[in-house]
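Reading through the structure tokens given below for one structure.
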Amino acid sequence: MTKKIVVIGAGPAGLTAALELQKSGESDITVLEADYQVGGISRTINYKGNRIDIGGHRFFSKSDWVMSWWADILPIAANSAQTSLNLRYRGSARQTLPLSSVKVDQDQDAVMLVRNRLSRIYYNRNFFSYPLKLNLDALKKLGLHKTFSFGVGYIATRISPINPEKSLEDFLINRFGKPLYLQFFKEYTEKVWGVPCSEISAEWGAQRIKSLSITKALWHALKSALGLSGGKAEQTSLIEHFVYPKFGPGQMWETVANTFVQNGGKLIFGAKVNKIKILQDKVTQIVYQDTQGVCTELNCDVAISTMPIKDLVVSSQNAWPQNIVKAASELAYRDFITVGLLYRKEDLPRALEDNWIYIQEPGVQVGRVQVFNNWSPYLVADSNTVWLGLEFFCKETDTLWKMSEKDLQELAQQEMLQIGLVSTAKAQDAVVIKVPKAYPGYFGEAYQQFDQIRSHLDRIENLFLVGRNGMHRYNNQDHSMLTAKEAADQIISGSVDKNKIWSINVDDEYHEEQK
């Protein structure tokens, strides 16, 4: 019997769930999207032909299923620089996808390109590899004294680690040593989150950094220098190539949405969910409001939510104890601003080959700079220009968030000149994009009660939480897709075990081994 399924949110998780359910034969699926564009924070903003990738999205996963799923939606273009793309980065049992078998031309629009990955740290007007590679070049830039102190600090931590790891600070010191943590991690991380590392849960590091350490970074650098790496990388942060949609990540999700709609699915834009009715531990109805203020009620047998847990609980508050409503409503988020700046190539004193650059220079608020030309040349309207995205992290209540677009543009241009990445005070053009609730926070008193919030939500038999905001978990888009796939599989089979959804992006082995 066909189920009435409502999916809240048309980002990677919501659209993956919708398409997987549709493939299984479900025909009554409605996706509600509050915005007028699909993709969530994986969408692409088109500004005068120059495209912005919000946050930067490498299309790489240790899941063969995700890699194949992407390639089914947007085939991988032939690329003379590489004959195959590794689908699995582990051991000698690596599987590859031969690019020569994909019968497309790189000039076609609906393709993914194979791209080189380069991320660097910009500190003291010098570039350092990210993740850190302590090679001769890096040691020379750091100087003998700092190199020695980093080594001593790392050895000291290995001899006497912090136990137990209660905070992100503990987590980072244990893996890199205190001097290196203070130099390259503390200030940037606190700029991103707005709170001391000592107040952020170690769980954030377990999800985002996992088992990456100085030892593994050094080993990978040594193998690469000796030509022994063969393109493999055990840690996601160490990959050296990735695939990328020709016109940015939004192209992937726009294609998925079009496929879903063409196959009979319903996608409603401008639909803000403001009420979820729950009776006897089951979602029975979802109410959304359109831009005209008109409310529509949708009965449902299954609900899949990617909306922020904060909003989900408030919209269904009659179903929960007051302490749970209060805790959920106080969950912290970090908001995000991208300022796009367009420069002539001659306005940069040196060419930038990076996908993104982590800014560690003191006295500036910018946290990271993306070079969109290097994600895909098709993100830039004029090949004689350089299209940059300056990323600022804040809260909606901060002065930075409340600044006018003009003031933010001037601040961004001033800081680029101040740190020496450009040689002119004036960009050719500029645009501001604000993204609320970009990063779910792993800190604050409310987060300490998250397990209780989760327990109450998981009791709702036909409600499935997936994706970054849907789970209040700092997932990459491939992790979000895997949570959606698991939810869809459980809905299809009728065998529900929500712990399996929550276990994704927790255990390192999950990503290292074929299941």
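Details
- Every listed requirement among (1) β-branched (Val, Ile, Thr); (2) surrounded by fewer than 19 Cβ atoms within 10 Å (Cβ to Cβ); (3) modelled with pLDDT of 95 or more is met by Thr397 save one, (3).
- When restricted to residues that are among the charged types (D, E, K, R) and either closer than 15 Å to Asp311 by Cβ or modelled with pLDDT under 95 (or both), the range 4-42 contains 2.
- Between Val195, Val152, the distinction of being among the β-branched types (Val, Ile, Thr) and under 27 Å from Ala438 (Cβ atoms) belongs to Val195 only.
- Qualifying positions in the range 420-445 - assigned to a strand (DSSP E or B) and not small (Gly, Ala, Ser): Asp429, Val431, Val432, Ile433, Lys434, Val435, Pro436, Lys437, Tyr439, Pro440, Phe443
- Annotation note: Cβ proximity below 7 Å between a residue of the range 349-361 that is under 17 Å from Phe372 (Cβ atoms) and in contact (Cβ under 8 Å) with a residue 12 or more places away in the chain and a residue that is assigned to a loop (DSSP other than H, G, I, E, B) and not β-branched (Val, Ile, Thr) (sequence gap 6+ or interchain) occurs for Glu353/Leu118; Asp354/Leu118; Asn355/Gly56; Asn355/Arg117; Asn355/Leu118; Trp356/Gly56; Tyr358/Tyr130; Ile359/Gly367.
- When the residues of the range 173-201 are filtered to those that are within 23 Å of the chain's Cα centre (by Cα) and assigned to a loop (DSSP other than H, G, I, E, B), the one that is modelled with the lowest pLDDT is Phe185.
- Residues of the range 301-354 classified as under 30 Å from Ala484 (Cβ atoms) and among the basic types (Lys, Arg), total: 3
- Top-ranked residue of the range 446-485 - restricted to ones that are in a helix (DSSP H, G or I) and acidic (Asp, Glu), ranked as nearest to the chain's Cα centre (by Cα): Asp478
- Unique match (being more than 24 Å from the chain's Cα centre (by Cα) and at pLDDT 95 or above) among Val366, Val302, Val313, Val380: Val302
- Considering the range 94-112, and only residues there that are crowded, with 18+ Cβ neighbours inside 10 Å and over 19 Å from the mean Cα position of the chain (by Cα), the residue that is modelled with the lowest pLDDT turns out to be Leu99.
- Cβ-Cβ distances below 8 Å connect the following pairs, each with a first residue in the range 404-415 that is at negative phi and assigned by TED's automatic domain parsing to the domain that holds Val369, a second residue that is modelled with pLDDT of 95 or more and assigned to a helix (DSSP H, G or I), and a separation of six or more residues or different chains: Leu408/Leu400.
The values are calculated or read from the model by the stated rules, or taken from the named source; none is laboratory data. Remember, predicted model here, so these are calculated numbers, not experimental data. Note: ideal-geometry Cβ built from the backbone for every residue, glycine included; neighbour counts use all protein chains shown.
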